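Every number in this text was worked out from the coordinates using simple rules, so none of it is lab data. In this text, all values refer to a predicted model and were calculated from it rather than measured experimentally. Backbone-built Cβ (ideal geometry, glycine too); neighbour counts: all protein chains shown.
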Amino acid sequence: MKRIWTGRPATGVTLAICALISAAAGAPALAQTGEETGTAETAQAPIRLDPVSVTATRNEIDPFVYPGMVTVIDREEIQRLQPSTPDDVLKLVPNVEFTGGPRRTGEVPSIRGFSGPDVVILLDGARQNFGSAHDGRFFLDPSLLRSVEVLRGPASALYGSGGTGGVLEFRTVRADDFLQPGESVGASVTGGVQTVNEERLGTFTAYGKPTDDIDLLGSVTRRTSGEIELGDGNSLDNTDDSILSGLIKGGIDFGDHHRLEASYSRFSNDAEEPNNPQGQGGSDTVDKEISSDNVRLGYSFDDPGNPWLDLDAVAYYTDFAADERRLDSLGAGPVGELLQRDVTTLGARLDNRSRFDLGEEVALTLTYGGEAYRDRQDGEDSTGDRDGVPDAEATFTGVFGQAEFTLAEPFGLPGDLLLLPGARFDRYETSSDLAEDDTIDSRLSPRFGISYLPQEWLMVFANYAEAFRAPTFDELYLTGTHFQIPIGPLGVVNRFVPNPNLEPQTTRTVEFGAGVDFDDLAFENDTLRVKATHFRVWGEDFIDVAVNQPTPFRDCDPFVPGACDGTTASTNVPNARLWGTEVEASYENYRVLLGFGFSTINGKNDDTGEYLGVLTPTTFTFDTGIKLPEIDSRIGWRAVVAREFDKVNDPAETRDAYDVHDFYFAYQPVEGPLEGLRLDLGVDNAFDEDYARVFTGASEAGRNFKAQISYSLKW
């Protein structure tokens, strides 16, 4: 079996190896250190290793072999992007889109048309379950990231509720990402600027390994920015951000093959912006303090000689807080009113892998475990309970199991075969003082995937999976005023209507595709990898927000009290479909790196024919890099090209076609007096394209010149 393999979990030192493998295969490091790397000669004969995914199966697997689509973004690629937000990190991943507008606090990710709680977000294994209609989904600074994995497609068989769209898993840096063999302590300092929003960045990171068994890291980042220059020539005001983020992490290897790791990360943003930061926003300005705290404790047992026990456990506590103090009386409250939203999550996950040889040609890996977590939300304003932020609590418990069968020459056929059956059972309970009865339900989420490699360079796959998403406490228990329009003697009021009878959203997905992977195609040691998929999703009880608001003077008379009042409620859409196609391709040799992506997505309400989901235009992405090892540099071009978007129910949501081009240059000496220095230069939206994304009432940022310089000292 040359291509299909199952490894050990990405715990302890293995996770650092995964990052190095990913860098070597998907986006080779700009400058590697050591005796065998870093020269023009060795750049012509790099070590070829496949990237590794852990998120897709909770076990190491080659993303090319996995029966689905998963993208691994390593630290080197993150550095070249010079990201300011998670959107910057993920902008080239097919069928991943961020909506909400240019303000970072309003950005909301979607995968394959699913958004909000339909996407599982993990930070070092801890769930990020903050939910708000307008305040974004999660908050972290890209300066702390070592890698990101994007699993596209249903993931409830491993991750439970919310796995209908996929999984975004972010992993933070650790000491091994900075220290080479023989080095025990070091520090790095980074400074950066961006012109489009007058952003200033400063990061300081210290790391060390006082012994071979102990690793420590501390990092702090300060980022400030102001009004955003848009592609249409205007400026988006009320966009001031003052961000302070940090990470403390330590690990110890003890006994035989045991590892214990603890970390604490914090993100804090003091922003002045509209109460609703999405789109252009309104004139109801608030001083918004957003914070995210993550406490994590992880344990692993990783003994290559023990096929039965390969353990990974994590316990975590997250605390999201969004406090808004009104700076004017142009909203729905008086100047000085404090609006509070707090969401906390306490959770734990335990999984194990057991491996068996069932003969010379058959191997089996069983991955199984359990998870439990509790979400709690509290909302307050000057009157007590805050409208639209119900006090509520939700508890989830789940158990899961998955088998990976790898077969060589199955049934006498040539090549290798991977069979991937699995299932998870979840039970959830949601309660609030606003409802007489608790909402209790359970779901079984099965999946079955198959990959067949008739030749080492050719792969075909198919996948069937069922997924579900439980209704959130906001969807179940919303009460109070949604918005007001100052027309008529009493004004027009739109009120939330709770719906404690919401059913969980469920989907059935069929996906099939193929890929090719060539080595030494045109040059020695070059690689070409292409993978494409088509998927179809059938949904039942899709949870949708229905805003029923009569238009004053057209549908009603605003001078008749209550005649123009409206309602907002969450409802179930009985039958829905989504379908789409994705392609990812890359070519690399000692001199160039070429990347290509394609995505398209469509969705409809089967009963009404209306479009459904966070649909996006047909999009092409390009990523080209030229390696210049003679001067320790790389220069490149990236582009996102989108066709006209007209899959809308409201003509006002139509979007013009656009193409956005970025250029970058990176310089990192591997020896000499400048060793330890790194310089990144770039320009995003180089031709100042005026464009707007779907469901966003504002143009995106215009031309952005940016620069970042860092220096590391290690000994």
Worksheet, complete the sentence: Checked segment 478-542 against the a/c 1.5 cut and the a/b vs b/c comparison, axes a ≥ b ≥ c from its Cα gyration tensor; verdict prolate
Worksheet, complete the sentence: Gyration tensor on Cα atoms of segment 183-262, a ≥ b ≥ c root eigenvalues, a/c under 1.5 rounded, else prolate if a/b beats b/c, else oblate, says prolate
Worksheet item: Can you give the extra length, in nm with one decimal, that the chain gains between residue 372 and residue 677 once fully stretched, where that is 0.36 nm per residue apart less the Cα-Cα distance?
Response: 105.4 nm
Discussion item. Taking the alpha-carbon distance from residue 604 and a cut-off under 17 Å, which lysines remain once sequence neighbours fewer than 8 residues away in the same chain are dropped?
Written reply: 647
Item to complete: Tell me the label-point distance for the pair residue 408, residue 134, using the 7 Å Cα-to-Cβ offset, in nm and rounded to one decimal.
Response: 6.1 nm
Worksheet item: Rg and Dmax of the chain, Cα atoms, in Å?
Response: 25.3, 83
Fill in: Estimated [θ] at 222 nm from DSSP helical runs (n ≥ 4, -39500 (n - 2.57)) normalised by residues in the chain, nearest 500
-1000 deg cm²/dmol
Worksheet item: Within the chain, what is the longest stretch that has no trypsin sites (Lys or Arg not before Pro) placed in a DSSP loop and near at most 15 other beta-carbon atoms within 10 Å?
Response: 49-553
Response to the item:
Check: C-alpha center segment 165-209 vs C-alpha center segment 619-656, spacing in Å is 26 Å
Practice prompt. Tell me the label-point distance for the pair residue 630, residue 256, using the 7 Å Cα-to-Cβ offset, in nm and rounded to one decimal.
Written response: 5.5 nm
Worksheet entry | DSSP-defined antiparallel bridges as percent of all bridges, the chain, nearest 5 | 95 percent
Worksheet, complete the sentence: Gyration tensor on Cα atoms of segment 132-228, a ≥ b ≥ c root eigenvalues, a/c under 1.5 rounded, else prolate if a/b beats b/c, else oblate, says oblate
Worksheet entry | Förster radius 22 Å - calculated FRET efficiency between residue 649 and residue 503 (Cβ-Cβ, nearest 0.05) | 0.45
Item to complete: Determine the distance separating the Cα centre of segment 335-362 from the Cα centre of segment 420-450; give it in Å without decimals.
Response: 15 Å
Worksheet entry | Cut-off 16 Å, label 7 Å out along Cα→Cβ of residue 572, residues of segment 597-638 by amide N | 606-607
Worksheet item: How high is the FRET efficiency from residue 264 to residue 185, r the C-beta distance, R0 30 Å, rounded to 0.05?
Response: 0.90
Discussion item. Taking the Cα centre as origin and putting +1 on Lys and Arg beta-carbons and -1 on Asp and Glu beta-carbons, what dipole magnitude results for segment 13-714, to the nearest 20 debye?
Written reply: 380 debye
Discussion item. Under the 0.36 nm per residue contour assumption, what length would be gained going from the current alpha-carbon distance of residue 444 and residue 425 to full extension?
Written reply: 6.4 nm
Worksheet item: So what is the relative contact order for the chain, in percent, with contacts set as C-alpha pairs under 8 Å and at least six apart?
Response: 12 percent
Discussion item. I need the calculated FRET efficiency for the pair residue 350 and residue 534, taking r as the beta carbon distance and R₀ as 35 Å, to the nearest 0.05.
Written reply: 0.45
Fill in: Between helix 13-25 and the chain: long-axis angle, C-alpha atoms, 0 to 90°, nearest 10
90 degrees
Worksheet entry | Length added when fully stretched, residue 204-residue 234, from 0.36 nm per residue minus Cα-Cα | 7.4 nm
Worksheet item: Roughly how many whole Å is it from the C-alpha centroid of segment 588-609 to that of segment 94-149?
Response: 19 Å
Worksheet item: Label 7 Å along Cα→Cβ of residue 211; segment 221-255 residues with amide nitrogen under 17 Å?
Response: 250-255
